[in-house]
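Quick notes on the structure that follows.
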Amino acid sequence: MTAIVIDNLTKRFDDLVAVDNVSFSVKSGELFGLLGPNGAGKTTILNMLTTLLVPTAGSALIAGSDIKKDPDGVRSNIGIIFQDPSLDIGLTGRENLEFHAMMYNIERSERKKRIAEVLKVVNLSEKADTLVEYYSGGMKRRLEIARGLIHYPRVLFLDEPTLGLDAQTRRSIWDYIKNLNKEYGTSIILTTHYMEEADYLCDRIAIIDRGKIIALDTPANLKVQYKRDRITLAVPDIPESLVTELEKRAWVQDILSENGNLVLSVSKGEENLPELFHLLHSLGVSVSAVSLHTPTLEDVFIHLTGASIREQDGSRRSAIRDRMRRRMMR
Ligand SMILES: Nc1ncnc2c1ncn2[C@@H]1O[C@H](COP(=O)(O)OP(=O)(O)OP(=O)(O)O)[C@@H](O)[C@H]1O
Ligand SMILES: [Mg+2]
């Protein structure tokens with residue numbers, strides 16, 4: 001059975017179309033990622049899929065249950081880890097988990113076993129009996145993840161699961177998510193702003209911008225599709241003859257000057273480097289440093305979601321310059 005089938009889902013808040021006619025499916029056992037800038041509509045999509053928000057139009061099936069017609073059926077099959085903290089800080093970690101397990105009618109002995117298990121996974125066994133009020137931000141996040149897992153959901157929704165966590169904890173949570181997905185066949189849909197996380201975890205990714213899906217594929221295919229290598233050359237003076245020659249090459253897509261460097265946007269950078277060196281040599285251009293950058297998921301993301309800037313100023317070169325500047329400022 002397909003884990004999630006989304007059919008023309010739309011959500012309006014007054015004049016704002018937060019989710020605009022979105023359709024896609026998540027296969028059973030798939031790890032699926034939603035990427036998009038702040039305000040793109042990711043949380044709103046998850047809120048509708050988890051029955052917390054009623055769609056303005058469209059529908060969705062979660063593990064076979066319709067979000068509108070059978071919300072209880074949906075809720076019994078899913079686990080949710082919210083973007084905003086939703087723990088009871090007046091209870092201990094263990095009590096928070098107990099309470100959640102009871103809501104899912106997990107019987108007492110099983111409850112004990114599972115609580116110990118999930119606490120171990122998120123490395124909180126020692127803090128189990130401390131009030132959540134005294135947890136650090138990362139500990140709270142880990143406890144929320146533990147809570148979302150306790151009833152072994154068939155479909156797990158994770159809204160920015162590793163936001164604000166240290167590198168070690170993030171990695172251990174990635175491993176756990178992967179393991180859960182592999183061993184138990186749990187279908188998982190997650191949102192994230194960490195490109196590395198999406199790339200590492202997800203079988204497929206949908207990139208959302210202003211409520212619409214603008215790309216959907218495997219991380220590898222997304223990178224191939226928007227492939228652009230970048231060659232940076234430290235050249236003290238950029239001779240006009242070099243630029244003229246480079247403009248003739250089909251594999252050179254863009255030529256920029258940046259902080260005294262010559263930056264080329266090219267296809268098949270590795271293959272074309274020898275020709276570039278040959279050209280530099282024949283023109284007598286001396287270069288003090290060279291670097292080749294192959295595209296990452298982040299490049300794809302910026303390329304796609306930075307498009308509006310390009311539309312506004314009408315110039316491809318300056319748009320790319322703007323995007324690079326933005327990236328450098330981060
Ligand atoms: N209850 C609401 N009432 C009015 N507008 C809302 C409401 N919830 C969300 N929005 C708006 O809908 C849009 C999408 O918000 P959403 O929270 O889904 O974005 P997001 O992709 O999750 O962003 P982020 O990456 O910042 O979490 C935003 O413009 C937001 O202001
Ligand atoms: Mg969000």
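Does region 68-82 contain at least one residue that is assigned by TED's automatic domain parsing to the domain that holds Phe32, at pLDDT 95 or above and within 16 Å of ligand 2 (Cβ to nearest atom)? Scanning region 68-82, I find no residue that is assigned by TED's automatic domain parsing to the domain that holds Phe32, at pLDDT 95 or above and within 16 Å of ligand 2 (Cβ to nearest atom), so the answer is no. Which one is farthest from ligand 1 (Cβ to nearest atom) among residues in region 88-111 that are closer than 20 Å to Arg154 by Cβ and assigned to a loop (DSSP other than H, G, I, E, B)? Within region 88-111, the match that is farthest from ligand 1 (Cβ to nearest atom) is Glu107. Within this structure, Pro85 passes the test of being within 16 Å of ligand 1 (Cβ to nearest atom), modelled with pLDDT under 95, touching a Lys or Arg at 6+ places or on another chain (Cβ under 8 Å) and not aromatic (Phe, Trp, Tyr).
Yes/no matrix, rows are residues, columns are (1) closer than 12 Å to Lys140 by Cβ; (2) hydroxyl-bearing (Ser, Thr, Tyr):
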site	(1), (2)
Ser65	no, yes
Asp70	no, no
Asn77	no, no
Ile81	yes, no
Ser86	yes, yes
Gly90	no, no
Gly93	yes, no
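Pairs meeting the criteria (first residue in region 79-91 and among the aromatic types (Phe, Trp, Tyr), second residue surrounded by 12 or more Cβ atoms within 10 Å (Cβ to Cβ), beta carbons under 7 Å, at least 6 apart or on different chains) are Phe82/Asp159.
In the list Ile173, Ile205, which residue meets the criterion of being open to solvent by less than 10 Å² (accessible area, probe 1.4 Å) and either part of a strand (DSSP E or B) or of a type in the set (Gly, Ala, Ser) (or both)? Going through Ile173, Ile205 in turn, just one is open to solvent by less than 10 Å² (accessible area, probe 1.4 Å) and either part of a strand (DSSP E or B) or of a type in the set (Gly, Ala, Ser) (or both): Ile205. For region 20-45, residues that are of a type outside the set (A, V, I, L, M) and farther than 21 Å from Ile78 by Cα total 6.
Can you confirm whether region 15-30 contains a residue that is free of Cβ contacts under 8 Å to residues at least 12 places away in the same chain, more than 16 Å from ligand 2 (Cβ to nearest atom) and in the same structural domain as His151 (by TED's automatic domain parsing)? Scanning region 15-30 turns up at least one residue that is free of Cβ contacts under 8 Å to residues at least 12 places away in the same chain, more than 16 Å from ligand 2 (Cβ to nearest atom) and in the same structural domain as His151 (by TED's automatic domain parsing). For region 272-290, state whether one or more residues are open to solvent by 50 Å² or more (accessible area, probe 1.4 Å), at pLDDT below 90 and within 32 Å of the chain's Cα centre (by Cα). Checking region 272-290: not a single residue is open to solvent by 50 Å² or more (accessible area, probe 1.4 Å), at pLDDT below 90 and within 32 Å of the chain's Cα centre (by Cα).
Based on this model, can you work out whether Asp199 counts as among the acidic types (Asp, Glu), open to solvent by 30 Å² or more (accessible area, probe 1.4 Å) and in contact (Cβ under 8 Å) with a residue 60 or more places away in the chain? Yes: the conditions hold for Asp199. All of Asn38, Asn47 fail the test of being under 21 Å from the mean Cα position of the chain (by Cα) and at pLDDT below 95, apart from Asn38.
Of all the numbered requirements in (1) open to solvent by 10 Å² or more (accessible area, probe 1.4 Å); (2) within 16 Å of ligand 2 (Cβ to nearest atom), Gly33 misses one, and that requirement is (1). Summed over region 21-52, residues that are under 14 Å from Ile207 (Cβ atoms) and of a type in the set (D, E, K, R) total 1.
When Ala40, Ala63, Ala101 are checked against the criterion of being in contact (Cβ under 8 Å) with a residue 40 or more places away in the chain and within 15 Å of ligand 2 (Cβ to nearest atom), Ala40 stands alone in meeting it. Kindly evaluate Leu53 against the criterion of being hydrophobic (A, V, I, L, M, F, W, C), open to solvent by 30 Å² or more (accessible area, probe 1.4 Å), within 16 Å of ligand 1 (Cβ to nearest atom) and more than 25 Å from Glu183 (Cβ to Cβ). When the stated conditions are applied, Leu53 passes them. Report yes if some residue within region 140-155 is assigned to a strand (DSSP E or B) and open to solvent by less than 10 Å² (accessible area, probe 1.4 Å); otherwise report no. Yes, region 140-155 contains at least one residue that is assigned to a strand (DSSP E or B) and open to solvent by less than 10 Å² (accessible area, probe 1.4 Å). Filtering Leu158, Leu190 for residues that are touching a Cys at 6+ places or on another chain (Cβ under 8 Å) and within 16 Å of ligand 2 (Cβ to nearest atom) leaves a single hit, Leu190. Right, Thr186: among the β-branched types (Val, Ile, Thr), within 16 Å of ligand 1 (Cβ to nearest atom) and either at pLDDT below 95 or touching a helix residue (DSSP H, G or I) at 6+ places or on another chain (Cβ under 7 Å) (or both) or not? Against the criterion (among the β-branched types (Val, Ile, Thr), within 16 Å of ligand 1 (Cβ to nearest atom) and either at pLDDT below 95 or touching a helix residue (DSSP H, G or I) at 6+ places or on another chain (Cβ under 7 Å) (or both)), Thr186 does not qualify.
The values are calculated or read from the model by the stated rules, or taken from the named source; none is laboratory data. Not measured: the values here are computed from a predicted model. Methodologically, a virtual Cβ is constructed for each residue, glycine included, from the backbone with ideal geometry; neighbour enumeration extends over all protein chains shown. What goes into the accessible areas is simple: the full protein's heavy atoms, side chains included, and nothing from ligands, DNA or RNA. Shrake-Rupley method; radii C 1.70, N 1.55, O 1.52, S 1.80 Å.
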